[in-house]
Amino acid sequence: MKNGNSMFPDVRIPYGTWGSSYFPAWQTSALAEVNLGQFAGEAAAQILGKRHVPVGELDYMVIGSTVPWHWKFWTAPLVSSCMGRRLPGFHVEQACATGLQAVLVGAAQIQTGSHRAAAVLTFDRTSDSPVGVFPERRAYERTHSISDVWDNFGFDPAAGSSMITTAGTAARKYKLDRREVDELTAHRYEQYFAGRKSGFLDRVLFPFEVLNLQGRPMGTIDDDFGVRRVTLDGLKAMRELDTCVTSGTQTHASDGMAILLTTTREKARELSTRPEVDIQFVARSEIRTRPSLMPEAPTLAVQDLLQRTGLTLKDIAVIKNHNPFAVNDAIFSRVLDYDWHNMNNNGCSLVWGHPQGPTLTRSLIEGLEEAVDLGGGNVLVFGCAAGDVGIAAVFRVSEGAAS
């Protein structure tokens with residue numbers, strides 16, 4: 001992978017064969033009332049239809065989600081049947097890294113020659129996290145009941161701390177300035193609303209009407225419900241929950257789905273809405289840092305990735321990340337001496353929310369669109385995951401004849 005040679009040389013992401021729902025915040029939309037696996041499959045079919053991609057061209061599916069949903073046992077075959085074509089496939093899960101890992105798994109299916117065109121569909125609904133009852137025969141209590149993702153946010157059983165605590169701990173380690181974190185957050189909101197105003201986000205986000213069991217409309221998902229209008233003064237006035245962490249400088253739980261395709265270079269030319277655009281996988285990295293320092297892990301993954309590929313940040317045209325805390329971006333900027341103003345154009349998960357499974361998939365889709373607007377270049381996508389893990393990957397977008 002030195003000098004940015006591709007880790008999957010025979011794999012491509014066909015341009016335009018992707019899309020995402022809007023991400024309504026927890027319990028703010030009709031998505032809280034439906035089976036999200038079914039919704040994701042049906043929404044994926046609509047996106048591919050609008051992209052003029054016949055579902056019959058697909059021969060595999062990788063799905064990714066983190067919150068249990070009814071009929072999850074049947075995984076991709078069930079979800080693909082909701083899309084209109086019953087495909088083989090399986091399920092990927094790695095907390096917040098799921099959206100990127102699923103894409104990499106889809107690429108591996110193509111590179112090994114196992115399949116020719118795979119749909120990578122990620123989705124999650126934090127609005128409906130079922131309670132699970134687990135036998136624990138070694139304890140005096142016969143069973144233990146754990147509830148939903150909210151409990152996981154609040155407690156890491158391996159480290160004994162909450163995710164907010166990891167952000168505060170990392171902020172103190174790097175001696176971050178609360179003023180900078182607030183300014184960074186305000187700038188992220190400005191980037192998102194600029195992307196809405198310019199129409200950029202309309203190219204990757206699709207509205208969906210949600211129906212009940214009787215086929216009657218329950219509502220339309222046509223906005224990132226939960227995104228607020230914030231001001232720098234308002235952020236400064238918020239109470240710290242931990243060092244440099246306030247309700248304004250962290251993301252919010254949400255619901256949603258996103259899809260893209262992985263395929264061969266020949267098939268990509270057939271399916272792409274712009275065959276002259278060539279999108280390749282370059283490399284990926286995954287790192288685990290010390291306990292309770294999750295926000296620094298993505299930066300360490302990027303450092304490792306750049307070292308192994310021989311690339312530098314000057315070689316990167318677009319940078320997008322999953323930043324559940326603004327602290328994540330401040331650490332990245334501090335360690336890699338990078339101006340945080342120049343990343344996450346048009347929005348990021350700090351602003352539009354975090355449904356987990358599709359978070360990094362949407363980030364990747366937006367990053368690829370931005371690179372095409374620039375005429376090509378390398379796209380760096382990275383983020384954190386539960387367990388103090390960081391993941392990073394580089395994709396190369398080229399204009400002209402596909403190589």
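If you project the alpha carbons of segment 56-136 onto the principal axes, what extent comes out on each, in Å, largest first?
Ordered largest first, segment 56-136 gives principal extents of 42, 25, 25 Å.
Near Lys236, which aspartates and glutamates are there with a Cα under 15 Å away, not counting those fewer than 8 places off in the same chain?
Straight-distance partners of Lys236: Asp177, Glu180, Asp182, Glu183.
Once a ≥ b ≥ c are taken as the square roots of the eigenvalues of the Cα gyration tensor of segment 153-272, is the result rounded (a/c under 1.5), prolate (a/b larger than b/c) or oblate (a/b not larger than b/c)? Show your work: numbers first, answer last.
Working: a/c = 1.76, a/b = 1.69, b/c = 1.04.
Prolate shape, in that a/c is at least 1.5 and a/b is the bigger ratio.
Please list, or write none, the aspartates and glutamates whose alpha carbon is within less than 15 Å of the alpha carbon of Lys314, excluding same-chain residues fewer than 8 places away.
Asp337, Asp339
Whole Å is fine, so just give me how far the alpha carbon centre of segment 261-331 lies from that of segment 26-79.
24
Evaluate 2.2 N^0.38 Å with N set to the residue count of segment 330-386, then give the Cα radius of gyration divided by it.
Segment 330-386 yields a ratio of 1.18.
List the pair-distance distribution P(r) of segment 277-375, using every Cα-Cα distance, as the percent of pairs falling in each 10 Å bin from 0 up to the bin containing the longest distance, rounded to whole percents.
14, 47, 36, 3, 0
Is the shape of segment 1-90 rounded, prolate or oblate, going by the alpha carbon gyration tensor and its root eigenvalues a ≥ b ≥ c, with a/c under 1.5 for rounded and a/b larger than b/c for prolate? Mind showing how you got there, number by number?
On the way: a/c = 1.70, a/b = 1.56, b/c = 1.09.
Taking the square roots of the gyration eigenvalues as a ≥ b ≥ c, segment 1-90 is prolate.
If you take the square roots of the eigenvalues of the alpha-carbon gyration tensor of the chain and sort them as a ≥ b ≥ c, do you get rounded (a/c under 1.5), prolate (a/b over b/c) or oblate?
On the way: a/c = 1.39, a/b = 1.10, b/c = 1.27.
In terms of gyration-tensor shape, rounded.
222 nm [θ] for the chain, helices only, -39500 (n - 2.57) per DSSP H run of 4+, per residue, to 500?
On the way: 12 runs with 131 residues, N = 403.
Theoretical 222 nm ellipticity from helices: -10000 deg cm²/dmol.
Which ordering of Thr249, Thr122, Thr112, Thr17 is given by a fewest-first count of other beta-carbon atoms within 10 Å?
Details: Thr249 27, Thr122 31, Thr112 11, Thr17 23.
Neighbour counts put them in this order, fewest first: Thr112, Thr17, Thr249, Thr122.
May I ask you to order 190-199, 170-179, 252-261, 317-326 by the average number of other C-beta atoms within 10 Å around their residues, highest value first?
252-261, 317-326, 170-179, 190-199
Among the lysines, which have Cα under 26 Å from the Cα of Lys50 when same-chain residues fewer than 8 positions away are ignored?
Output for Lys50: Lys197, Lys267, Lys320.
Please compute the contact order of the chain in relative form: average sequence separation of alpha-carbon pairs under 8 Å and at least six residues apart, divided by the residue count, as a percent.
Values: 968 pairs, mean separation 111.2, N = 403.
Once divided by the residue count of the chain, the mean separation gives 28 percent.
Read the figures in this text as sums done on the coordinates, not as results from a lab. A quick note: this is a predicted structure, and the numbers were derived from the prediction, not measured. Positions of Cβ are backbone-derived with ideal geometry, glycine not excepted, and every protein chain shown enters the neighbour counts.
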